[in-house]
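Take a look at the structure below.
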Amino acid sequence: MRTVDGSTLLIVDDLSENLSIISDLLQPYYEVRAATSGGRALRIASGDTPPDLILLDVMMPDMDGYQVFEQLRLNPKTQNIPVIFITAMDGSAAELRGLTIGAVDYITKPIVPALLLARVRLQLELKHARDRLANQNTWLENEVNRRMAENERMQSVTIHALAHLAEIRDQETGHHIVRTQSYVRQLALSLQARQRPDDDLTDATIAMLVRSAPLHDIGKVGVPDDILRKPGPLSESEWIIMRAHARKGAEAIALAQQDAGQPVPILEMARIIACWHHERWDGSGYPDGLAGREIPLPARLMAVADVFDALISPRVYKRALSLEQARIIIAEGRGRHFEPDLVDVFLSDFDKFCEIFTRFP
């Protein structure tokens, strides 16, 4: 029967007369359950409806109150239930022991009714306040997670929309974005497993890397159509204009960061990728001729992913190569175009890259 307060108490005492006295005192205000042994008390407390407060006798046969308390704290279902020790033992040493091990209060027999009711009411109020605070914290945590997920979705949609602008002008398909993201993710995860000390490839970094990857060619929006869609080889002057897309893309993203008024990590990652994903390990790339580890890791990862996808995709100026032909070209670029370790990772996981291409043809 649910009573005025709505709280449930568990009284534990091996003497039935003591249980009767305390139960009669508390039942007008609370739902009261009783146990005459420590084992029975533990079963009740860990059941489907745990009590809000336990009044626990210290001196019991087989399992005393301290042992019962220890078992309560070991069980995740019962470890947060407040416990008031009730005992005939008087003296500060016994009271100190009970409070030291974690009891919320310590009451000596014989029971003073008004004192017992006041202390029970106080502990229940404190318990309900803790519960409300915990529920509020859980709600706040869930709300923060929900809003962060919503922001990430909006961020992803915005990045994809911008990337599609470049793709449409370059007569690309939407699957190029998905494929290159998937290639970058696979490369990063495999490299992470190697635990190279200087990479700092955390799960959060990899997630940011994947989200920012679609903006790698955003600078192509600034390349004229007659160059971007030219079916034949580009002239030297046309190549100069085409290569400028890396710098233009980085500058556009940098302006977006400036407009934001504060650092935006995902935009900084996108700027790095856009600017330097055409650099080569041997220093022969563009726009800055960086070499080796001068090239930021996100750009090195994107270089492999972008070249592989370009090789196996048709363009206005070339036919698509087979997967095996692309594998050979990437392997031949080891130590020249690409970082050796990344090529090794690519070759060891080549079947996974083929599966990504098959999934998003």
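The values are calculated or read from the model by the stated rules, or taken from the named source; none is laboratory data. Keep in mind it's a predicted model, so treat the numbers as computed, not measured. Cβ atoms come from the backbone with ideal geometry, glycine included; neighbour counts cover every protein chain shown.
Considering region 306-318 alone, what residues qualify as being part of a loop (DSSP other than H, G, I, E, B) and in contact (Cβ under 8 Å) with a residue 24 or more places away in the chain? Before you say what the answer is, go through the steps one by one.
As a first pass, look at region 306-318 and keep what is part of a loop (DSSP other than H, G, I, E, B): 312-314, 316-317.
Scanning region 306-318 gives ILE312, SER313, VAL316, TYR317.
Kindly indicate whether ALA326 is closer than 20 Å to ALA213 by Cβ, small (Gly, Ala, Ser), surrounded by 14 or more Cβ atoms within 10 Å (Cβ to Cβ) and modelled with pLDDT under 95.
no
When region 189-212 is filtered for residues that are under 17 Å from the mean Cα position of the chain (by Cα) and hydrophobic (A, V, I, L, M, F, W, C), the ones remaining, listed by number, are LEU189, LEU201, ALA204, ILE206, ALA207, MET208, LEU209, VAL210. The set of residues from region 61-75 being among the aliphatic types (A, V, I, L, M) and surrounded by 15 or more Cβ atoms within 10 Å (Cβ to Cβ) comprises MET63, VAL68, LEU72. If we scan region 285-305, do we find a residue that is exposed (fewer than 14 other Cβ atoms within 10 Å of the Cβ) and in contact with a Pro (Cβ under 6 Å, 6 or more places away or on another chain)? No, because not a single residue in region 285-305 is exposed (fewer than 14 other Cβ atoms within 10 Å of the Cβ) and in contact with a Pro (Cβ under 6 Å, 6 or more places away or on another chain).
Output the number of the condition that VAL58 fails; it satisfies all remaining conditions of (1) under 17 Å from ILE107 (Cβ atoms); (2) loosely packed, with under 15 Cβ neighbours inside 10 Å. Status for VAL58: all satisfied but (2). Being modelled with pLDDT under 90, within 30 Å of GLY249 (Cα to Cα) and in contact with a Pro (Cβ under 6 Å, 6 or more places away or on another chain) is a description that applies to ALA163. Could you tell me which of the residues LYS248, LYS220, LYS230 is in contact with an Asp or Glu (Cβ under 8 Å, 6 or more places away or on another chain) and part of a helix (DSSP H, G or I)? Being in contact with an Asp or Glu (Cβ under 8 Å, 6 or more places away or on another chain) and part of a helix (DSSP H, G or I) holds for just one of LYS248, LYS220, LYS230, which is LYS220.
Taken as a whole, the condition of being surrounded by 18 or more Cβ atoms within 10 Å (Cβ to Cβ) and either among the small types (Gly, Ala, Ser) or in contact with a strand residue (DSSP E or B) (Cβ under 9 Å, 6 or more places away or on another chain) (or both) applies to ALA213.
Filtering THR78, THR87, THR100 for residues that are assigned by TED's automatic domain parsing to the domain that holds ALA35, surrounded by 17 or more Cβ atoms within 10 Å (Cβ to Cβ) and over 24 Å from ILE21 (Cβ atoms) leaves a single hit, THR78. Filter region 108-131 down to the residues that are without any contact (Cβ under 8 Å) to a residue 24 or more places away in the chain, closer than 16 Å to ILE54 by Cβ and among the aliphatic types (A, V, I, L, M) and list them by number. Selection gives LEU122 alone.
Restricting region 268-284 to residues that are acidic (Asp, Glu) and touching a Gly at 6+ places or on another chain (Cβ under 8 Å) leaves a set whose member that is surrounded by the fewest Cβ atoms within 10 Å (Cβ to Cβ) is ASP282. Contact map, region 177-188: residues that are modelled with pLDDT under 95 paired with residues that are among the aromatic types (Phe, Trp, Tyr), Cβ distance under 7 Å, separation 6+ or inter-chain. Pairs shown: VAL178/PHE360; ARG179/PHE357; ARG179/PHE360. In region 201-233, the residue that is nearest to ARG300 (Cα to Cα) out of those that are of a type outside the set (Ser, Thr, Tyr) and free of Cβ contacts under 8 Å to residues at least 12 places away in the same chain is ALA207.
PHE85 fulfils the conditions (1) in contact (Cβ under 8 Å) with a residue 40 or more places away in the chain; (2) under 43 Å from the mean Cα position of the chain (by Cα) except for a single criterion, (1).
For the structure I just gave you, tell me whether PRO298 is touching a Phe, Trp or Tyr at 6+ places or on another chain (Cβ under 9 Å) and closer than 23 Å to ARG194 by Cα. Answer is yes for this residue.
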